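**Student:** Right, I'll just put the structure down here and ask away after.
The values are calculated or read from the model by the stated rules, or taken from the named source; none is laboratory data. Only a predicted model underlies this, so the values are computations on that prediction, with no experimental measurement involved. Cβ coordinates were reconstructed from backbone atoms using ideal geometry, including for glycine residues, and neighbour counts include every protein chain displayed. With ligands, DNA and RNA removed, areas are computed over all heavy atoms of the protein, side chains included. Shrake-Rupley method; radii C 1.70, N 1.55, O 1.52, S 1.80 Å.
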Amino acid sequence: MTNLEWSIQFVMLKIQEMIFNGRKTDKCGVVLFGTEGTDNIINKQTDGYEHVIEYIPIAQPNAGTLGKLAALEPSTIAGDPIDALIVGIESQDRFLGNKKTWTRKIVLLTDGENPIEVEDWETTVKKMNDLNISLTVV
């Protein structure tokens, strides 16, 4: 099983749990890094954050979410997981706005093989703390 296949299986199981639970407040989105193209909210405004795609916008997951994940193909492009993390933080911030009671979390899946740019990591940590976002790295 490739790293991508393992990651897709992990994410699909987590999303299946959300669908099975059926809570309208369960929302998720998927941000990919190391992609051929670039399509994210930060890049559209300021450039940078290349090879990061907001693949599935934040919404209540459904069978279409699982189908879109199953259709993923591997890429040969290296991507920065921190760029994807920052895009995920910004996406959550814009989606949730002032909904302070919502639980905010990000799960970052990486094989640890891609280079990571840790410049300005303090700013990223501060923003996560300010927004009360928990991070799990797998």
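**Student:** Which order do the peptides 97-104, 127-134, 54-61 take when ranked by the mean count of other beta-carbon atoms within 10 Å per residue, highest first?
**Tutor:** On the way: 97-104: 9.5, 127-134: 13.1, 54-61: 16.5.
Descending packing order for the listed peptides: 54-61, 127-134, 97-104.
**Student:** Write down the accessible area per residue of the chain in Å², having rolled a 1.4 Å probe over the full set of protein chains. All intermediate terms of the calculation are to be shown ahead of the outcome.
**Tutor:** Working: 8770 Å² over 138 residues.
Accessible area per residue, the chain: 64 Å².
**Student:** Right, here's the next one. When only the heavy atoms of the protein chains count and the probe is 1.4 Å, how do Asp93, Asp39, Asp120 rank by accessible area, highest first? Don't jump to the answer; show the numbers that get you there.
**Tutor:** On the way: Asp93 40, Asp39 70, Asp120 95 Å².
The residues order as Asp120, Asp39, Asp93, largest area first.
**Student:** Tally up the carbon and sulfur contribution to the accessible surface of the chain as a whole percent, 1.4 Å probe, everything protein left in place. The partial results should precede the final answer.
**Tutor:** Details: 4720 of 8770 Å².
Here it works out to 54 percent.
**Student:** Applying the Karplus parametrisation 6.51 cos²θ - 1.76 cosθ + 1.60 with θ = phi - 60° to the phi angles of segment 71-88, what ³J(HN,Hα) value in whole Hz is obtained for each residue in order, glycine and proline being reported as x?
**Tutor:** Ordered by residue, 3J(HN,Hα) equals 7, 5, 10, x, 10, 9, 7, 7, x, 9, x, 5, 4, 5, 4, 5, 5, x Hz.
**Student:** Turning to a different aspect of this structure: Can you return the lysines within cross-link range of Lys44? Criterion is Cα-Cα under 27 Å, with same-chain partners fewer than 8 residues away left out.
**Tutor:** Within the straight-line cut-off, Lys44 pairs with Lys27, Lys68, Lys99, Lys100, Lys105, Lys126, Lys127.
**Student:** Show that you can apply the helix-only estimate: for the chain, add -39,500 (n - 2.57) for every DSSP H stretch of four or more residues, divide by all residues, and state [θ] at 222 nm to the nearest 500.
**Tutor:** Numbers: 5 runs with 60 residues, N = 138.
Rounded to the nearest 500, it is -13500 deg cm²/dmol.
**Student:** Can you compute the charge dipole magnitude of the chain about its Cα centre, using +1 on each Lys and Arg Cβ and -1 on each Asp and Glu Cβ, nothing else charged? Give it in debye, rounded to the nearest 20. Each step should come with its number before you reach the end.
**Tutor:** Working: 13 positive and 20 negative charges, 223 e Å.
With only Lys, Arg, Asp and Glu charged at Cβ, the dipole is about 1080 debye.
**Student:** What label, among [x] 50; [y] 46; [z] 59, belongs to percent of Cα pairs over 20 Å apart computed from the structure on display?
**Tutor:** Read-out from the structure maps to [y].
**Student:** Roughly how many Å is it from the Cα centre of segment 92-124 to that of segment 29-89, as a whole number?
**Tutor:** 13
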